[in-house]
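Trainee: Sharing a structure here in structure tokens format.
The values are calculated or read from the model by the stated rules, or taken from the named source; none is laboratory data. Keep in mind that what you see is a predicted model, and the values were worked out from it rather than measured. Cβ coordinates were reconstructed from backbone atoms using ideal geometry, including for glycine residues, and neighbour counts include every protein chain displayed.
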Amino acid sequence: MNETKILIIEDDIDINQSLASFLKTQGYHVETCPSAEVGHEWMKKNSTDLILLDLMLPGENGFEFFRKVRTEGGPAVIMLTALEDPADNILGLELGADDYVTKPFDLHVLLARIRSVLRRSTSHDVSQPKLTTEMTFQFSAYTFYPLRRYLRGPGGLRKSLTANETNLLVVLCQNVNKLLSRENLLELTRADDCSPSTRTIDILISRLRKKLADDQVKDELIQTFRNGGYMFRPEVNTL
């Protein structure tokens, strides 16, 4: 029996009910909230594996809700947006969302996205040797704990990672000094996803660079090759 829990935060009653009914037929445990405020209260008492988050909510909007949830780590999030401006979708990914789906959407396409995000959230083999609870990576001044999805930086500072950031960093750690194209990285980290562009990889690389930026680390850890892709340069030790 599927024990995966999905929380839908959507103010449109028809979308809320139809989406919940469909996902229940697929074996998921589904809860719904009509607003961000109700969502916060629900999450104080309950846990979930994935949030389907409408951006155009009354009161606190989806972006604001997401920022608060992500500062606490939080579950995987797929943003549901009727916004037509691609910049809004890119902003969602830059903030750390695991994916976004534009309304109106086909329920089976959304289901494929949900399954893909959940696989990335729970599986870290990424076509590489399987990770164990003991496995960590050390490079430069960082220790990377992929199964717990965070970095321990200089001075012991802890930096949380999203599922996508974790999967990308695993691939980089396991392919040191190898030039990987955007297409390679997209295939390894989002192989089952429906994302239409390798722009996603550029966004994830940018987010990783920010989290790996530190005054004590002077070296360029992720090197960009024009029209080529990216290369992870530090010496990596696997523990």
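Trainee: Could you list all residues from the range 9-29 that are among the hydrophobic types (A, V, I, L, M, F, W, C) and within 17 Å of residue 112 (Cβ to Cβ)? Walk me through how you get there before you give the answer.
Mentor: Here is the first cut: in the range 9-29, the residues among the hydrophobic types (A, V, I, L, M, F, W, C) are 9, 13, 15, 19-20, 22-23.
Listed by number, the residues that qualify are 19, 22, 23.
Trainee: Could you please give the count of residues in the range 154-169 that are over 16 Å from residue 76 (Cβ atoms) and either assigned to a helix (DSSP H, G or I) or more than 16 Å from the chain's Cα centre (by Cα) (or both)? So that I can check it myself, show each step before the final result.
Mentor: So in the range 154-169, the residues over 16 Å from residue 76 (Cβ atoms) come out as 154-159, 169.
Checking which are either assigned to a helix (DSSP H, G or I) or more than 16 Å from the chain's Cα centre (by Cα) (or both) leaves us with 154-158, 169.
Total satisfying the criteria: 6.
Trainee: Looking at the range 105-144 only, could you name the residues that are modelled with pLDDT of 55 or more, hydroxyl-bearing (Ser, Thr, Tyr) and within 16 Å of the chain's Cα centre (by Cα)?
Mentor: Passing the criteria: 116, 121, 122.
Trainee: Then there's this: So residue 58 fits all but one of (1) over 25 Å from residue 109 (Cα atoms); (2) without any contact (Cβ under 8 Å) to a residue 40 or more places away in the chain; (3) not hydroxyl-bearing (Ser, Thr, Tyr); what number is the exception?
Mentor: Unmet for residue 58, out of (1) over 25 Å from residue 109 (Cα atoms); (2) without any contact (Cβ under 8 Å) to a residue 40 or more places away in the chain; (3) not hydroxyl-bearing (Ser, Thr, Tyr): (2).
Trainee: Keeping to the range 12-43, report how many residues are part of a helix (DSSP H, G or I) and among the β-branched types (Val, Ile, Thr).
Mentor: Initially, the range 12-43 is screened for residues part of a helix (DSSP H, G or I), giving 13-25, 36-43.
Then keep just the ones that are among the β-branched types (Val, Ile, Thr); that gives 13, 15, 25, 38.
Total meeting the criteria: 4.
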